[in-house]
Amino acid sequence: MLEAGILMKIAIAFLLATLIASSSFAQSAPEHSLAITHVTIIDVNGGPARRDMTVVVLDGRIMSIGPSKAMRMSANIRTVDASGKFLIPGLWDMNVYLDTDEAEKSRLADFVANGITEVRIISGGAQLQQWNKDIETGKLLGPRMMIEGAEFDESEKHPVNAVPAALQSRHNWHEELRMLVQSGSTPLEALQSATVNAAKFFNKSDSMGSIAKWKFADMIVLDANPLDDIRNTTRISAVVIRGKLLDRKQLDAMLDEVKTAEQAKSEMHR
């Protein structure tokens, strides 16, 4: 059974969605609210794309989805006009190793800037668990982590048999999506592998993997339709992570910071 706090949030969210859809919504919108308007929603479950839709977010969850012409926004809610753009769920990376130094910590933002909002960490220890807690509480920007178990040495700093990050090639999930299509998958099937199927793997389909009411607001706003060309998953206009929208300017700034951290780490190892 849902806890009382969750039930209260759902009740508040239902009220918000009802008020937004009516002309009587004249009061200030709640904090941490967002509306993405006039966007085309890609249904990763195989349904038809839904054009000219509005998605309303409150406290990190999708609270309302409907035709833009039927939704009336308060002047106090952050509204983003996504005309001509496409909305997909955030992507999953299912094969991630992370070291625990500061340069690796910067990679967490790198994932988000590239539209990867959930990751499966192959093995992780106390430091990764702490980073995950900091992400959950908003102290640190990064993807949701699903951390596999691991044994640790006496210092508990590095999991036994983990691959050092310095020896890994940079993981590029967008490139893997392209390779899936080259191997015979359709763009939809490739997209499903990084969204809805990954959520099913972790039994998280009720809260992740697709764009639907009550699910976590982890989404990507794209400049072009990924079902026309899977490479369009790289044409990122904005990323929504835990209900917070990061626009292209913010994403570029994040990537610059990651690059600076990586250069500093490289110089240290010379």
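Remarks
- Backbone N within the range 114-133 under 13 Å of label point (7 Å from residue 262 Cα along the Cβ vector): 114
- Each part gets one Cα centre, and for the range 235-270 versus the range 104-145 those centres are 13 Å apart.
- Amide H to amide H distances under 5 Å link residue 147 with 121, where only residues 5 or more positions off or on other chains count and H is placed in the peptide plane.
- Highest mean packing comes first when the peptides 224-233, 118-127, 70-79 are listed by Cβ atoms within 10 Å, giving 118-127, 224-233, 70-79.
- Inter-site label distance for residue 49 and residue 140 at 7 Å from Cα along Cβ, in nm: 3.7 nm
- With a cut-off of 14 Å between beta carbons, the residues surrounding residue 257 carry a summed charge of -1, where Lys and Arg count +1 and Asp and Glu -1.
- Rounded if a/c under 1.5, otherwise prolate or oblate - the range 67-106, Cα gyration tensor axes: prolate
- Only Lys, Arg (+1) and Asp, Glu (-1) charged, at Cβ; the range 51-122 dipole about Cα centre in debye: 620 debye
- The distance between label points at residue 69 and residue 224 comes to 2.9 nm (points 7 Å beyond Cα on the Cα→Cβ vector).
- Straight-line cross-link reach from residue 200 at under 19 Å between alpha-carbon atoms covers these lysines, not counting any fewer than eight positions away in the same chain: 213, 215.
- Interchain or long-range residues, amide H under 5 Å from residue 215's placed H: 62
- Ranking of 248, 144 by neighbouring Cβ atoms within 10 Å, starting from the fewest: 248, 144.
- Note that the range 197-207 has calculated 3J(HN,Hα) couplings of 5, 5, 5, 4, 4, 9, 6, 10, 5, 6, 10 Hz, one per residue in order, obtained from phi through the Karplus relation 6.51 cos²θ - 1.76 cosθ + 1.60 (θ = phi - 60°); glycine and proline are x.
- The distance between label points at residue 83 and residue 95 comes to 4.3 nm (points 7 Å beyond Cα on the Cα→Cβ vector).
Read-outs: derived from the displayed coordinates by stated rules, not from any lab. The structure presented is a predicted model; accordingly, all values stated were derived computationally and were not measured. Note that each Cβ is placed from the backbone with ideal geometry, even for glycine, and that neighbours are counted across all protein chains shown.
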